[in-house]
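Just below is one structure, and these are the notes that go with it.
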Amino acid sequence: MHIPDGFIPLWQCVIYYIVVIIVGYFAVKWAKENLDERKIPLLAVLAAGIFAIQAMNIPIPWGTSGHMVGAAIVAILLGSPFAGFLVLAIVLIIQGIAFGDGGLTTLGVNIFNMGIVGGFVGYYGFKGLKPLISKIPAVFVAAFLSLFISAILCVVELYFAGTFPLATGFYFMGLYHFVIGIVGEGLISTIVFIAINKIRPDLISSGAI
Amino acid sequence: MNSKNKKFLVIGIIIAIVIAALAPFLASSNPDGLESATEKLNPQALEIEPVHESPMPDYMIPSFGESPISGSIAIIIGVIIVFALAYTAGIVLKRRN
């Protein structure tokens, strides 16, 4: 879902950059008030793992492939959407600058979609669903929703950019990311949650236990 | 850092590096969801050049050619950079008592 350069007019790119800078300010504030030193290894390992797993595209039908985003599981494990934002911002900056994955003009919109939308939908989705469907299913559904809703918003952005038509944009992006959301985001996030819950439950945010 | 956290860190990095090393061998080379949708909806958009030249385009080291090994090395370098940056960000931004 990394939008390349040229897909969005520059003036619109600036708007996304401004939103990212504002959220970034609050993310830094969150970290300075809440980021426990003992959680730093989890944060760094999740960032490294997400970068690696994003390089391994999973095949889906229709000659297409996809990968997880990861903001949801970071937000759930570390107990804040801002944690998902920080990790994805780092991953996306390196992908954009060093690997040409996602443009530099579109770095703002990519951090907006995957870091902000992914982190907030994942965190609040999990929080809202946990009492209804229990912990593990809530991780799966919240992770799925985080990717799917990011993809749907991506279509709206590309519509305003004049790059995608709305209806067929929803159809193709929705179809592909429905599958990627299940096998990429939902399944892998659930596995990561179960694994960390088993080996180091003390690292998981108290809200997710 | 206590030994429990050190162990977690080492195991975590090893898992990330193993995924990175295997990625070019296992990954699907099909276009991703956005690229696939663009091919159908607005193929001209895919012709646009990026605004900067990245040192490891498409997760490959240019001087090593387009082989899976070149890909593995590029992605492992990325894993290490991302890990170092995230760890540093954590140390700089952590809560102070």
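The values are calculated or read from the model by the stated rules, or taken from the named source; none is laboratory data. Keep in mind it's a predicted model, so treat the numbers as computed, not measured. Please note: Cβ atoms are built from the backbone with ideal geometry, for glycine as well, and neighbour counts cover all protein chains shown. SASA here: full protein model, heavy atoms, side chains in, ligands and nucleic acids out. Shrake-Rupley method; radii C 1.70, N 1.55, O 1.52, S 1.80 Å.
Points worth noting:
- Adding -39500 (n - 2.57) for every DSSP H run of four residues or longer, then dividing by how many residues chain A holds, sets the calculated 222 nm ellipticity at -22500 deg cm²/dmol.
- Rel. contact order, % - alpha carbon contacts under 8 angstrom, at least six apart, the range A:118-184: 31
- Exposure of A:PHE148 as accessible area (Å², to 10), given a probe of 1.4 Å and all protein chains: 50
- Under Stokes-Einstein, with the Kirkwood radius over Cα pairs as Rh, the value for the range A:1-95 at 4 °C and 1.567 mPa s is 87 µm²/s.
- Exposure ranking of A:TYR171, A:TYR16 by accessible area [1.4 Å probe, largest first]: A:TYR171, A:TYR16
- Rolling a 1.4 Å probe over the protein chains gives A:ARG38 an accessible area of about 150 Å².
- Sorted from greatest to least, the principal axis extents spanned by the alpha carbons of chain A come out as 47, 37, 30 Å.
- Packing rank of B:40-46, A:161-167, A:96-102, A:30-36, where each peptide gets the mean count of other beta carbons within 10 Å, highest leading: A:96-102, A:30-36, A:161-167, B:40-46
- Cβ charges +1 (Lys, Arg) and -1 (Asp, Glu), total dipole of the range A:21-130, debye: 260
- Degrees, to the nearest 10: A:118-133 long Cα axis against longest axis of chain A: 50
- In order along the range A:31-40, phi translates into HN-Hα couplings of 4, 5, 9, 10, 6, 6, 3, 5, 8, 4 Hz, rounded to whole numbers, per the Karplus curve 6.51 cos²θ - 1.76 cosθ + 1.60 with θ = phi - 60° and x for Gly and Pro.
- Per residue, chain B reaches -21000 deg cm²/dmol at 222 nm when only DSSP H runs of four or more residues are counted, each adding -39500 (n - 2.57).
- Within chain B, the whole DSSP H helices whose Cα atoms reach 24 Å or more along their own axis and whose mean Kyte-Doolittle score is at least 1.6 are B:3-26, B:68-93.
- Interchain or long-range residues, amide H under 5 Å from A:GLY79's placed H: A:SER205
- Carbon + sulfur, % of accessible area of the range A:129-177 - ligands and nucleic acids excluded, 1.4 Å: 80
- Ratio Rg/Rh [Cα only; Rh per Kirkwood] for the range B:38-88: 1.12
- Which of B:GLY33, B:PHE83, B:VAL51, positive extreme of dipole for chain B (C-beta unit charges): B:PHE83
- Accessible area buried by the pairing of A and B, both sides summed with a 1.4 Å probe, works out to roughly 4900 Å².
- Acute angle (nearest 10 degrees) that the helix A:187-199 long axis makes with the longest principal axis of chain A, alpha-carbon atoms: 20
- Gap separating the Cα centres of the range B:1-66 and the range A:182-209, nearest whole Å: 23
- Taking every residue in A:192-205 and counting other chain Cβ atoms within 10 Å of its Cβ, the average works out to 1.
- A Cβ-based charge dipole, computed about the Cα centre of chain A with Lys and Arg at +1 and Asp and Glu at -1, lands at about 540 debye.
- Area accessible to solvent at A:LYS127, 1.4 Å probe radius, in Å²: 120
- Based on protein heavy atoms only, the range A:1-122 ends up with 29 Å² per residue of surface accessible to a 1.4 Å probe.
- Contact order, relative form, for chain A: 27 percent (alpha carbon pairs under 8 Å, 6 or more residues apart, mean separation divided by residue count).
- A P(r) calculated from all alpha carbon pairs of the range A:77-143, with 10 Å bins opening at zero, reads 23, 41, 24, 10, 1 percent.
- Exercise: per-residue mean of other protein chain Cβ atoms within 10 Å, A:31-42: 6
- Once the chain from A:TYR25 to A:ILE182 is taken as fully extended at 0.36 nm per residue, the excess over their C-alpha distance is 53.3 nm.
- Its residue count N fixes a reference of 2.2 N^0.38 Å for the range A:116-169, and the Cα radius of gyration divided by that reference is 1.36.
- Candidate residues A:VAL183, A:VAL74: accessible-area rank, largest first, probe 1.4 Å: A:VAL183, A:VAL74
- A 1.4 Å probe over all protein chains sorts A:LEU132, A:LEU175 by accessible area into A:LEU132, A:LEU175, starting with the largest.
- Look at the stretch A:94-104: the mean tally of other chain Cβ atoms within 10 Å of its residues' Cβ atoms is 6.
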